[in-house]
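One structure below.
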Amino acid sequence: MVIALAASVFTAAGISTQVSAMEAGSVAAGQAINLRASNPEGTTGSAAVPAALPSTGTAVATASVIEEGTGLYLNGLFLGAVKQQDNLSGALQSLLETYKEEGATVHFLENVETRSGLYASSSLYNLEDFMQALTQENTEIPWSYLVQEGDTLESIANLFQTTPEAILETNPDIQELSQWEEGIVLKLFNQKPLLHVQSIKKENYTEEVPFEILSLSDNSRYTTYQNVLLAGQKGSQICTDLVTYVDGEEVSRQAISRDVVSMPVTQMQIVGTLNPPDGSTPGEASGTFTWPTPSILTVSSEFGSRWGTFHAGLDLSNGSSYGETIIAADAGTVKYVKKDNYGYGYHLEIDHGNGMSTLYAHTSEILVNPGEKVFKGQPIAYVGSTGDSTGAHLHFEIHVDGTAVNPREYVEVPSA
Ligand SMILES: [Zn+2]
């Protein structure tokens, strides 16, 4: 007996059908181990044709239990068949089309083969159920599997995308290894799809390229200091990736090309490396003042009337004061910096909030900028003699609501 079989091979380009006539017996030699029974009881029942056809010609039962159909083989494993007129190939092609996009190459991940032939009617599925069981999770459509020599619970679970536990649950009779024999038919539900569609396509997109930052360190500034000399600019590039999807989910991405549209511009900046004083937050006044010249503890001129005029602050000088460090008496924000050649000379004022501010005059060099938030105790200038001054000293004022008050009421000379 010769049965004509049409074998369809699914390829990346879709389905190409090659028809060949085969001896049913020769197919049986290769496929007998994958025979399927849709009815587990069939192995012992009267309609004992658990195996799909084509099988050995002589084993074919009466014509009433075989029908023309199209069988599906996944990676060589026979899963089941549908009636000839149900057009399995068309359904598979439609599934591929679902994932077809412009420029995409679509094919099944598994080796898929359909074969027309005679199959036991007990192994025929409704096409819709069949496709659902193949492509969806946890469907309620069972597969039947004829246990073969060498099979293990694990190997069968792998084959049908399920677990050994689930197999034992649906086949309560098979609980012991000793019962594992060739010829037992298992009822199986796949937990994950058995058939997957892989699509591969090139994708283009524009991507920003981050800029690099070149930092120069300044060990005379606190770590909160940062001065951007040249702002960085992001670049952009056109990317082409080869992206692989399985059932519409991205599984891998390979960069093919990167075409630079604009180069990024490196940012140049200066950052401080000096640790700021403990217990102080830049800009946030503590409400108390510290002595502004740690190395000069002498008051050479007090607040008050002097030489027929009014001296609005304290003069701090010890005879070798030039270049000594002046620190912020409290944290605050630099209100202004002025470099005059008269009056206060090089001077600055720090706003401490709550109507309080401090003024530092006649300095030789100023280290901070207007708007900068400073720590309490932060070096802000060096003692000098700029403006209307007769020798190196710090002229120090404290203002309350814009009026100079006697600093002695707010700050004490530290003990030497
Ligand atoms: Zn003075």
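The values are calculated or read from the model by the stated rules, or taken from the named source; none is laboratory data. The structure displayed is predicted, hence computed values, not measured ones. Ideal geometry is used to build each Cβ from the backbone, glycine not excepted, and the neighbour counts take in all protein chains shown.
Those residues that are part of a strand (DSSP E or B) and within 13 Å of residue 392 (Cβ to Cβ), I need them from segment 300-324; list them, please. Give the steps one after another, and end with the answer.
Let us first name the residues in segment 300-324 that are part of a strand (DSSP E or B), namely 300-301, 304-306, 309-311, 314-316.
Correct list: 300, 315, 316.
Looking only at segment 43-58, decide whether some residue is within 47 Å of the chain's Cα centre (by Cα) and either modelled with pLDDT under 50 or assigned by TED's automatic domain parsing to the domain that holds residue 156 (or both). No - not one qualifying residue is present in segment 43-58. In this structure, residue 256 does not qualify as modelled with pLDDT of 95 or more and in a loop (DSSP other than H, G, I, E, B). Filtering segment 347-379 to residues that are closer than 22 Å to residue 393 by Cβ, at pLDDT below 95 and either more than 42 Å from the chain's Cα centre (by Cα) or surrounded by fewer than 23 Cβ atoms within 10 Å (Cβ to Cβ) (or both) leaves 367, 368, 377, 379.
Do we find that residue 336 is exposed (fewer than 14 other Cβ atoms within 10 Å of the Cβ), in the same structural domain as residue 388 (by TED's automatic domain parsing) and either in a strand (DSSP E or B) or not polar (S, T, N, Q) (or both) in this structure? Here the answer is yes, as residue 336 does meet what is asked.
If you check 301, 320, 385, 364 for being more than 24 Å from residue 287 (Cβ to Cβ) and within 11 Å of the ligand (Cβ to nearest atom), only one passes: 301. Does residue 265 satisfy the criteria of being without any contact (Cβ under 8 Å) to a residue 40 or more places away in the chain and out of contact with any Ser or Thr (no Cβ under 9 Å at 6 or more places or on another chain)? Spelling it out, it is not the case that residue 265 is without any contact (Cβ under 8 Å) to a residue 40 or more places away in the chain and out of contact with any Ser or Thr (no Cβ under 9 Å at 6 or more places or on another chain).
Taking the criterion of being small (Gly, Ala, Ser) and either surrounded by 14 or more Cβ atoms within 10 Å (Cβ to Cβ) or closer than 11 Å to residue 195 by Cβ (or both), the residues of segment 73-127 that qualify are 80, 81, 89, 91, 104, 116, 117, 120, 121, 122, 123.
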